[in-house]
Ligand code: DQQ
């Protein structure tokens, strides 16, 4: 159990009193940003590079822009021996708006260098008010982007109506003949100018084309996020042979129940599914989509004749701050997933900080023997490890049941490292990452902050509790529980036995990251491994330049 004296994790620096989780959908964040009075927004002068480089909350081994706002990963692709990542980016402020595609490249999916912005809105064009999310593919040897453009429209003409914006969404096309993918030539007119005739959709965006191996003549299929008011989210399926002339087929997958409540924004109720990704994996197909601030996966069969997705298993892709993910194939053909890790602190705080959002570490997707999705961190991240430190624990106290609280004598410095814990719990087990204090100092113990708190008991062996979240897990007989934490400035990515993930943001005031200690309750001999690595930053400052 979590030591009762330890405070639950804080979510915000300015508002330490509140521990309220902010709803994570980008649309909710958009709404919050739009609600900022312009006077307040203008008061936030952009921070200087040196100030940003000193901010200890800025991650050091995750990809994020040197300043300002980012959200969804877009068009990740391996091309000419390099990994390219694009992502939703506001070049002028640390709040959502004016969406561009930022661009970075990497030799290994871990070390990144920023390149100039790849896509910007074209005045008077179908993306005049934003280059929204999309995909990069290679067709006949030509790198091609298919993405959603938005342009302001009347409420009647708009396909995106979220209470703040009325946008007409169209699917757009651009190609590059530059080996570094720096420059893109846009086709001036949309490749899909409107949703299918006769459909009243709640949204029409985030195209995701893929080559379906079972289809003849190398045709492309494409999933587009959509839905129907009061009927639920859905994925529209299109077909093309050249990525420009698209034929609408039908709804390939969708909800069979109406969204929850009467939200102004259909994403908030679940009546609109954003950022679909549909791809073959092993002998099944996987569908991933985002709605209501959460990311869902489904595994099943894509019937090769009728091209309808038949769901077999489903689950939540991550139990924390994680949204709008996108997959790609790495150079060895592994399916890699990237996600946007949003802020969970108030808009005014991140806007004042001058940056918001980061990209997750690359996650490898595989299919378990049980047909469920498995998620592990890409092994390339191990390159960042410095010397392994075996953590020893000292007993602090024993509770009424004889369970011991054990504290590490070793600390993670600079909030930049990895912790691996394997345990075969024969008794209730908990592990907390927390600010170290002198256990004899009652006042300090009372104000101690736990950044993440994990509890497990064999009595409920299929469940792991992370803070307030319940993660479903299934351990084979004799299989240890494996917890892998990646801690970086203000984020913790937790991987549990390659079966479940939880991404947590944590904030603290001041110019220095706190040291982080490990507190365990349970039986010491149950722990088979407890190792800590300081991880090497991927750039000399926190700007990845
Ligand atoms: N973010 C993009 C949209 C997408 C949403 C806009 C999901 O294309 O639906 O920034 O976070």
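The values are calculated or read from the model by the stated rules, or taken from the named source; none is laboratory data. This is a predicted model, so every value here is computed, not measured. With ideal geometry, Cβ positions are generated from the backbone for all residues, glycine too; neighbour counts draw on all protein chains shown.
Selection of region 454-472 for residues being surrounded by fewer than 16 Cβ atoms within 10 Å (Cβ to Cβ) and not in a strand (DSSP E or B) yields 458, 459, 460, 461, 462, 468.
In this structure, does residue 214 turn out to be surrounded by 24 or more Cβ atoms within 10 Å (Cβ to Cβ) and in a loop (DSSP other than H, G, I, E, B)? Before the answer, list the steps.
Numbers: surrounded by 24 or more Cβ atoms within 10 Å (Cβ to Cβ): no; in a loop (DSSP other than H, G, I, E, B): yes.
Judged against the criteria, residue 214 is not a match.
Against the numbered list (1) within 16 Å of the ligand (Cβ to nearest atom); (2) closer than 18 Å to residue 331 by Cβ, residue 112 comes up short only at (1).
Working only within region 217-238, note down all residues that are outside any strand (DSSP E or B) and either at pLDDT 95 or above or closer than 19 Å to residue 159 by Cα (or both). Residues satisfying the conditions are 229, 230, 231.
Kindly indicate whether any position in region 159-172 is in contact with a strand residue (DSSP E or B) (Cβ under 7 Å, 6 or more places away or on another chain) and loosely packed, with under 14 Cβ neighbours inside 10 Å. Steps first, please.
Just the residues of region 159-172 that are in contact with a strand residue (DSSP E or B) (Cβ under 7 Å, 6 or more places away or on another chain), to begin with: 159-160, 166-172.
Restricting the remaining residues to those that are loosely packed, with under 14 Cβ neighbours inside 10 Å gives none.
Among the residues of region 159-172, not one is in contact with a strand residue (DSSP E or B) (Cβ under 7 Å, 6 or more places away or on another chain) and loosely packed, with under 14 Cβ neighbours inside 10 Å, which makes the answer no.
Just one of 544, 528 is in contact (Cβ under 8 Å) with a residue 40 or more places away in the chain and outside any strand (DSSP E or B); which is it? The conditions single out 544.
Any residue in region 277-294 that is in a loop (DSSP other than H, G, I, E, B) and either over 18 Å from the mean Cα position of the chain (by Cα) or away from the ligand (no atom under 16 Å from the Cβ) (or both)? Talk me through it step by step, then tell me what you get.
From region 277-294, those in a loop (DSSP other than H, G, I, E, B) are 282-283, 292-293; that's our starting set.
Then keep just the ones that are either over 18 Å from the mean Cα position of the chain (by Cα) or away from the ligand (no atom under 16 Å from the Cβ) (or both); that gives 282-283.
Looking through region 277-294, at least one residue is in a loop (DSSP other than H, G, I, E, B) and either over 18 Å from the mean Cα position of the chain (by Cα) or away from the ligand (no atom under 16 Å from the Cβ) (or both).
On the basis of being within 19 Å of residue 317 (Cα to Cα) and either touching a strand residue (DSSP E or B) at 6+ places or on another chain (Cβ under 7 Å) or modelled with pLDDT of 95 or more (or both), does residue 464 make the cut? It is true that residue 464 is within 19 Å of residue 317 (Cα to Cα) and either touching a strand residue (DSSP E or B) at 6+ places or on another chain (Cβ under 7 Å) or modelled with pLDDT of 95 or more (or both).
Residues of region 322-336 that are away from the ligand (no atom under 16 Å from the Cβ) and outside any loop (DSSP other than H, G, I, E, B): 328, 329, 335, 336.
Residue by residue, here is whether (1) without any contact (Cβ under 8 Å) to a residue 12 or more places away in the chain; (2) in a loop (DSSP other than H, G, I, E, B); (3) buried (at least 22 other Cβ atoms within 10 Å of the Cβ); (4) at negative phi holds:
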residue	(1), (2), (3), (4)
376	no, no, no, yes
382	yes, no, no, yes
387	no, yes, no, yes
414	no, yes, no, no
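Quick check on region 197-211: of everything there that is surrounded by 10 or more Cβ atoms within 10 Å (Cβ to Cβ) and over 20 Å from residue 243 (Cα atoms), which residue is nearest to the ligand (Cβ to nearest atom)?
Our first condition is that a residue be surrounded by 10 or more Cβ atoms within 10 Å (Cβ to Cβ); within region 197-211, this holds for 199, 201-211.
Next, only the ones that are over 20 Å from residue 243 (Cα atoms) stay: 199, 201-203.
On the way: 199: 18, 201: 13, 202: 11, 203: 7 Å.
Top of the filtered list is 203.
Only one of the numbered conditions (1) under 25 Å from residue 361 (Cβ atoms); (2) part of a loop (DSSP other than H, G, I, E, B) is violated by residue 195, and that is (1).
Regarding region 486-495, can at least one residue be identified that is more than 26 Å from residue 298 (Cβ to Cβ) and in a loop (DSSP other than H, G, I, E, B)? Yes, some residue in region 486-495 is more than 26 Å from residue 298 (Cβ to Cβ) and in a loop (DSSP other than H, G, I, E, B).
Just to be sure I understand, how many residues within region 130-144 are away from the ligand (no atom under 15 Å from the Cβ) and either over 14 Å from residue 222 (Cβ atoms) or out of contact with any strand residue (DSSP E or B) (no Cβ under 6 Å at 6 or more places or on another chain) (or both)? Selection size over region 130-144: 6.
Which residue out of 242, 268 is under 22 Å from residue 186 (Cα atoms) and either in contact with a helix residue (DSSP H, G or I) (Cβ under 9 Å, 6 or more places away or on another chain) or surrounded by fewer than 20 Cβ atoms within 10 Å (Cβ to Cβ) (or both)?
Working: 268 fails: under 22 Å from residue 186 (Cα atoms).
Every option except 242 fails the conditions.
Any residue at all in region 187-195 that's more than 13 Å from residue 148 (Cα to Cα) and buried (at least 16 other Cβ atoms within 10 Å of the Cβ)? For region 187-195, residues more than 13 Å from residue 148 (Cα to Cα) and buried (at least 16 other Cβ atoms within 10 Å of the Cβ): absent.
Every residue, every condition in (1) crowded, with 21+ Cβ neighbours inside 10 Å; (2) away from the ligand (no atom under 16 Å from the Cβ); (3) part of a strand (DSSP E or B); (4) at pLDDT 95 or above, yes or no:
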{"residue": "75", "(1), (2), (3), (4)": "yes, no, yes, yes"}
{"residue": "86", "(1), (2), (3), (4)": "yes, no, yes, yes"}
{"residue": "102", "(1), (2), (3), (4)": "yes, no, yes, yes"}
{"residue": "122", "(1), (2), (3), (4)": "no, yes, no, yes"}
{"residue": "128", "(1), (2), (3), (4)": "no, no, no, yes"}
{"residue": "146", "(1), (2), (3), (4)": "yes, no, yes, yes"}
{"residue": "151", "(1), (2), (3), (4)": "no, no, yes, yes"}
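For region 247-264, residues that are surrounded by fewer than 22 Cβ atoms within 10 Å (Cβ to Cβ) and assigned to a loop (DSSP other than H, G, I, E, B) total 9. What tally of residues in region 505-525 results from selecting those that are under 23 Å from the mean Cα position of the chain (by Cα) and part of a strand (DSSP E or B)? Qualifying residue count, region 505-525: 1.
Of the residues in region 304-321, none is under 23 Å from residue 84 (Cα atoms), touching a strand residue (DSSP E or B) at 6+ places or on another chain (Cβ under 6 Å), in contact (Cβ under 8 Å) with a residue 40 or more places away in the chain and not in a strand (DSSP E or B).
Taking region 194-245 as the region of interest, how many residues are under 30 Å from residue 163 (Cβ atoms) and free of Cβ contacts under 8 Å to residues at least 40 places away in the same chain?
7
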